[in-house]
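Okay, so here's the structure we're looking at.
Where a number appears in this text, it was derived from the coordinates with a stated rule and is not lab data. Treat the numbers as computed from the prediction; the structure is a model and nothing was measured. Cβ sites come from the backbone with ideal geometry, for glycine too, and all protein chains shown count toward neighbours.
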């Protein structure tokens, strides 16, 4: 049997990631001010330019090597498939999005995600969002409560899941977890001090359709969003994706680098306008290869370079994330709250 | 702003406890001593139940299936597959006498109503490897915990 590793070292890596990023933003600001006179830097170089980011990536690599054991998470960062969290399990996730920005400073948005499997047909999640705009500031931008409900008991040709989310975020939110309506790059140029004054209370509905066939997973998400503050119309968006493990059979030996631990694919997402002006005009769209590395210890690492497909889109989005699943979390909480032990 | 946000946050906090309560209610129900837990096996369509295990003669299938079982199934069905906190014994006669196709169907579709998730996210060969491993265990010598 595989040991489940909950070492102090790995916990430290996960819980201090946001802190490292915070510090990297401060260092990065100083660094960039010095470098500005030397001209432009390549996009990738900018991601790695601060010592904090390098430490962060090293920590991820270390976590990957230290941990024994395996989850089977999809590689998507924006799109959803129809698989819900296992009942009673809590998945803690941390994601980053580095985005380039024309006519304003680039940004690094990040979010923590707590995903709990209430039942085999209901998964609920809490998101906490934040962002750093380079040469500006680092701020907390809001929270989201999300629920996903499996609509059919058995597997079918296409498997539908109903998604419902309430979000309370400021106008400075830049995680780009979904693109909807007429979201365009120029919406993100306001300085944080101004943008955070705008508050959004939003309801979001999605129909998630997903199918797995011969190892391939294909997803289609339709998004409808309503901002409860102001008279904004319903906004629409989409996300599609396809992915496949690099090997379909499991190997006999336990391994970190076996091909079946890697799932690669691609996702595409964008806005579809709103109720008053439905369509593709003044919308942004992205295409992003995705890869997930499911480590044999319930840890998952994801990486996704995304590319804007038109002039309304950010030119480049680099996303990465780390997640860890904690089985039996619900039972532990129940016991702490004085619940009875499940009978055998 | 704080005045309007507080009730929303309070409501959100209260609502966030609902899933915990619900999950415990549902999971404890699934672990009751209940023979009907094995009645799900009979629901497999005839065509699915008749499917042959393509990895039956694969010498590596049992070992690979054991690895997969340890990763994905032990949490509910126990390390020896004799039943765990949430799942029934897989070494019960009802399971061991079932065809590989039936077990594959259950694994693919889950028993969502009773808390078993669908496992179609595992590629088909991996699901057959798990089935091969379960069948290799044989019936338990002592009465299983899940029955």
- Relative contact order of the range A:72-336: what whole-number percent is it, with Cα pairs under 8 angstrom and at least 6 residues apart? 21
- Query: What average count of beta carbons from other chains do you get within 10 Å of the Cβ of residues in A:87-97?
  - Reply: 2
- Ranked highest first by the average count of other Cβ atoms within 10 Å around their residues, in what order do B:107-116, A:152-161 fall? B:107-116, A:152-161
- Summarise the partner chain shielding of B:70-82 as one whole number: the mean count of Cβ atoms from other chains within 10 Å of each residue's Cβ. 3
- Could you give log10 I(q)/I(0) at q = 0.12, 0.14 Å⁻¹ for the range A:72-336, computed by the Debye formula over C-alpha point scatterers of equal weight, without solvent? -0.73, -1.01
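Quick one: B:79, A:185, fewest Cβ neighbours within 10 Å first, how do they rank?
In order of increasing Cβ crowding within 10 Å: B:79, A:185.
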- Exposure-ranked with fewest Cβ neighbours within 10 Å first, A:141, A:119 stand as A:141, A:119
- Query: Based on the mean of other beta carbon atoms within 10 Å per residue, what is the order of A:143-150, A:169-176, most packed first?
  - Reply: A:169-176, A:143-150
- For the range B:31-137, what is the relative contact order in percent, using Cα pairs closer than 8 Å and at least 6 residues apart in sequence? 35
- Query: Using 15 Å as the cut-off for backbone N distance, which residues of the range A:168-206 belong to the label zone defined by a point 7 Å from the Cα of residue A:278 along Cα→Cβ?
  - Reply: A:181-182
- Message: Per-residue Cβ counts within 10 Å, from other chains only, averaged over B:88-94: what number is that?
- Response: 0
- Find the centroid of the Cα atoms in the range A:222-255 and in the range A:96-157, then give the distance between the two in whole Å. 11
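What ranking of A:323, B:136 emerges when the number of other C-beta atoms within 10 Å of each C-beta is taken as an exposure proxy, fewest first? Write down the numbers at each step before the final one.
Numbers: A:323 21, B:136 12.
Lowest count first: B:136, A:323.
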